[in-house]
Amino acid sequence: MRLVLAGVSGRDKVVFEIFLTRDLPGWTCQLAPEVRDSSRPSADILVLDLVALGLSSHSEANQAALLQCTQGTPAVLLLPAFERGWTALDPDWMASHQLVWLVKPYGTQAMRGALKAAAAMVQMTTPASLPQPLPKPPVPSLTAAALGTRLEALPAGPGLAFLRQLSSLLQQAKPFEARFTVQNSLIVHPVDGWVASNTPLAVMQQVCRSDVLASAVSMRVLDGPQAEERTHQLGMRPTELDTFLWALVSATQLAVAPTP
């Protein structure tokens, strides 16, 4: 599903991308500076913060403005906790205009439910005659625990210093950053299961095979907000941790090490 976010800050977009990576793999999102004109990107679902869009209070004028924004596209409406006008609308009217409301602050489970409801609306409006996408083959992955098991199965020796340090930090279950150069980093969030990097994979694979290169990499533990802020600051896109770990070790001797 393609999501377009309107009225959402750049930092909140990073958090949203992390949520999608972890909870709704394959879904994407982008910001729309202006959602009320023809420049809005194409979307399957809109996520609209009504406060930021100036539509926080329900009125006939704001209702018309909202429909002008959505143009029939299923939308999740983020509402302030103090406003009761939107939530009091007839559920049949909301359904007929493919709208789902979600009161702030909300948790990941509530957002997941709202997006799933909007996705169901998308499916209902998709012509049955259109060809459906074929199921994708499973993407190779490697858990943090499996990485540790593979490392333990190999005797101590050169060439695995970076991976052993990486595995040790993963076991601490705290976000951390690996800095390859002043500008190139890898951000890892073990608990939430995501990574983000602006360093080419081939370079990181070389570091995995060379203790000399690994010695130049600095590591530091981050707190949760720091991990998200660094990801946004460096303009990096989060990806799934387990998929990244397999890609990282696929060009090393760990690719054929015993599995747990």
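The values are calculated or read from the model by the stated rules, or taken from the named source; none is laboratory data. Source: prediction; values computed, not measured. For neighbour counting, all protein chains shown are included, and Cβ atoms are generated from backbone atoms with ideal geometry for every residue, glycine included.
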**OP:** Report whether or not Arg164 is in contact with a strand residue (DSSP E or B) (Cβ under 9 Å, 6 or more places away or on another chain), surrounded by fewer than 21 Cβ atoms within 10 Å (Cβ to Cβ) and either basic (Lys, Arg) or closer than 14 Å to Leu245 by Cβ (or both).
**Re:** no
**OP:** Kindly provide the set of residues from segment 67-85 that are closer than 19 Å to Ala117 by Cα and either out of contact with any Lys or Arg (no Cβ under 6 Å at 6 or more places or on another chain) or not assigned by TED's automatic domain parsing to the domain that holds Pro33 (or both), ordered by number.
**Re:** Leu67, Thr70, Gln71, Gly72, Thr73, Pro74, Ala75, Val76, Leu77, Leu79
Subject >> Unmet criterion (only one of (1) under 18 Å from the mean Cα position of the chain (by Cα); (2) free of Cβ contacts under 8 Å to residues at least 60 places away in the same chain) for Glu229 >> reply: (2)
**OP:** Among the helices (runs of 4 or more DSSP H) lying completely within segment 171-260, list those that include at least 1 residues that are touching a Pro at 6+ places or on another chain (Cβ under 8 Å), assigned by TED's automatic domain parsing to the domain that holds Glu152 and among the charged types (D, E, K, R).
**Re:** 211-214
Original post:
Restricting attention to segment 72-84, which residues are at pLDDT below 85, farther than 15 Å from Gly7 by Cβ and surrounded by 10 or more Cβ atoms within 10 Å (Cβ to Cβ)?
Top reply: Arg84
Original post:
Picking from Val47, Val76, which residue would you name as being closer than 14 Å to Val122 by Cβ and in contact with a Cys (Cβ under 9 Å, 6 or more places away or on another chain)?
Top reply: Val47
Original post:
Under the condition of being aliphatic (A, V, I, L, M) and surrounded by fewer than 15 Cβ atoms within 10 Å (Cβ to Cβ), which residue from segment 214-245 is farthest from Gly10 (Cα to Cα)?
Top reply: Ala216
Subject >> Within segment 153-170, tally of residues that are under 23 Å from Val221 (Cα atoms), in a helix (DSSP H, G or I) and either modelled with pLDDT under 90 or not polar (S, T, N, Q) (or both) >> reply: 7
Original post:
Only one of (1) among the charged types (D, E, K, R); (2) more than 22 Å from Pro238 (Cα to Cα); (3) in contact with a helix residue (DSSP H, G or I) (Cβ under 8 Å, 6 or more places away or on another chain) fails for Asp44. Which number is that?
Top reply: (2)
**OP:** Could you please give the count of residues in segment 96-116 that are modelled with pLDDT of 85 or more and outside any strand (DSSP E or B)?
**Re:** 11
**OP:** Go through the residues of segment 55-66 one by one and say whether even a single one is touching a helix residue (DSSP H, G or I) at 6+ places or on another chain (Cβ under 8 Å) and exposed (fewer than 15 other Cβ atoms within 10 Å of the Cβ).
**Re:** no
